[in-house]
Each structure stands twice: as C-alpha cells, then as structure tokens.
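Just so it is clear, none of the values below were taken in a lab; they were calculated from the coordinates. In this text the structure is predicted, and so the values were computed from the model without any measurement. Here Cβ is always computed from backbone atoms with ideal geometry, including for glycine, and neighbour counts include all displayed protein chains.
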Amino acid sequence: MSMTGAPVIYGIIPHTDSTEQKHPLGTTGVTNDGRTYRYGQAASTKLVLGKMCIAPDITTHHEDIAVNTFAIGDKSITATLGATAITGNEYQEGFVNVTDGTGQGIMYKIKSCPATALSSDVIITLEEPIIVAAEAATTVTLYRNKYRDIIVSDGTQADLPVGVPNIDIAADSYGWFQVGGPCSVLVDANDTTVGTPITIGDGTAGGVETHNAATEVLVGIQPAGAGADVGEYGVFELTLN
C-alpha cells in the first residue's frame, strides 16, 4: 500500500504571485534559511505585504443545511443551500462536515462544487467515499479551505489567522503566506511589548499587538530588544505553522 502526505516544497522564493494555481492550497513552502509558508489564494481584494491575513468566515446559509440521503460508497452529496449562492469554485479543496444526524462528526474533502443559485440543490463531489450512510434528517456544513479567499485582518481578534504575505498579492491571485520564522509585520495602534506573545491587532487592519487575553489567537512572539513604533513594520517570530 502506498502512502502520501501533505506536499512540502523546499527552496521557495516567496516574493512572487500568480493568476494560475501552481500547488494545492495549504502546501507548505520552506525557504533556504528555514522560514515556513503556506500556499493560498487572495479573495477579490488585493493583499498588502506585511499585513496579517485571515481565513474567510463560514457562510451562514451554507451551515447546517439539509441533504438528500446518501449511501456508503457514494462519492457525492446533494445539499440544499440557504439564501446565499455558491460562486465559482469557492469550495474546491474545502470540506463538507456532517453536522447533525446519522454520520455526524465526519468531514469529507471536497473535489468539486459548482456555482449554484441560492436556495437550490448543489451536488458536491468528494475526494473520498462516504463511510456512514445518511438519513433524511442529516445536515451538513460547507467549509472553505482556509487558504482560499484570504483577506487582510480587519481587527477582529476572534478570526482565524493564516499568515503574512511578503509581497502584495493581486486580487484572486495565488502566493505564499509566511507562517513561521522572522517576518516583517505591521505594528498595530496598540503597540506590542518586546519579548511577549502577539496576536491579531484590534485597532489597525493587518496589524499585530500584544497577546493579553485567553480568547485571543496566538500568532507569534516579538523578540526582545528595541521594537518598531506604531505604524511601522517590526520583526516578529511567527508561530502559525
């Protein structure tokens, strides 16, 4: 039996973007000096270098939605959308989670999921077969790959951070997001304190600040020594990988 794992690319050059997808979303990249990255796609707005970026939220009307029955061995699920359409390939390389009912607690990788009008049925093709059959009351939630439709943090500290681009990444384009090692990141209006953990800043979009509450997501450490001033770009050791 052959075994495969998540792809890792060594010796990447993170200062490029592309309108063409060159790697699976979430691919790990490592520079020759050991900094680590994840491969992702910008949403419909350009991403600015040095700013902390986040994954998109789960779409409310694609959460806990009804499905037709499906059997063990099936490689597709038909679900009924709420009042929000699916556009383009937003769920490709994402997941469908069995939220409630028979088979709950199982998540399947999505191979394809076409654009579909709101309040309509969508056929979700899976990478793997169904392992527990579903009954009529079963519901599912559609979850985008967190490295698709990435946006700059808007200051909401409960968001899911995915990394920092080292260059501007054009709208809808693909590129590398740094997740580990020393990185230049915007200092938020609430200044960081040297030698302390850092989190998403709540004052300036894309900034980082001191981590001071259990509800805040840890994104890295500010090295001891003279830190950058508010509005400047400081050196932070990212720990998202």
* **Among 195-203, 96-104, the order from most to least packed when residues are scored by Cβ within 10 Å on average** => 195-203, 96-104
* Structure fact -> In debye to the nearest 20, the charge dipole size for region 102-190, taken about the Cα centre with +1 at each Lys and Arg Cβ and -1 at each Asp and Glu Cβ, equals 200 debye
* **FRET efficiency estimate (nearest 0.05) - Cβ-Cβ, T193 to T80, R0 51 angstrom** => 0.55
* Structure fact -> Taking a crude spin-label model, label points 7 Å out from Cα along the C-beta direction, the H61 to D33 distance in nm is 4.7 nm
* **Anisotropy class of region 60-143 from Cα gyration tensor, a/c 1.5 cut** => oblate
* Structure fact -> Sparse-neighbourhood loop hits (GluC sites (Glu not before Pro), region 154-241; DSSP loop; Cβ within 10 Å at most 13 others) -> E232
* Considering the dipole of the chain built from charges on the beta carbon (Lys and Arg +1, Asp and Glu -1) around the Cα centre, which of P161, T31, T204 is farthest to its positive end? -> T31
* To do: Place a +1 charge on the Cβ of each Lys and Arg in region 140-241 and a -1 charge on the Cβ of each Asp and Glu, then give the dipole magnitude about the Cα centre in debye, rounded to the nearest 20.
  => 420 debye
* To do: Neighbouring Cβ atoms within 10 Å as the yardstick, rank I13, I130 fewest first.
  => I13, I130
* Per 10 Å bin, what percent of the C-alpha pairs of the chain does each bin hold, from zero upward? -> 8, 29, 29, 22, 10, 2, 0
* With r defined as the distance between the Cβ atoms of Q157 and T69 and R0 fixed at 41 Å, what FRET efficiency is calculated, to the nearest 0.05? -> 0.50
* **Amide hydrogen neighbours beyond the local backbone of I9, cut-off 5 Å, H modeled** => T28, G29, V30
* Cross-link partners of K109 among aspartates and glutamates (Cα-Cα below 14 Å; sequence separation of 8 or more within a chain) -> D74, E90, E93, E127, E128
* Asked: Where does the charge balance sit around A170 when Lys and Arg score +1, Asp and Glu -1, over other residues with C-beta under 10 Å from its C-beta?
  -> -2
* Asked: What lysines could a cross-link reach from K111, if we take a straight Cα to Cα line under 23 Å and drop same-chain neighbours fewer than 8 places away?
  -> K22, K75, K146
* To do: Could you check the simple spin-label distance between A214 and I123, using points 7 Å along Cα→Cβ, in nm with one decimal?
  => 4.9 nm
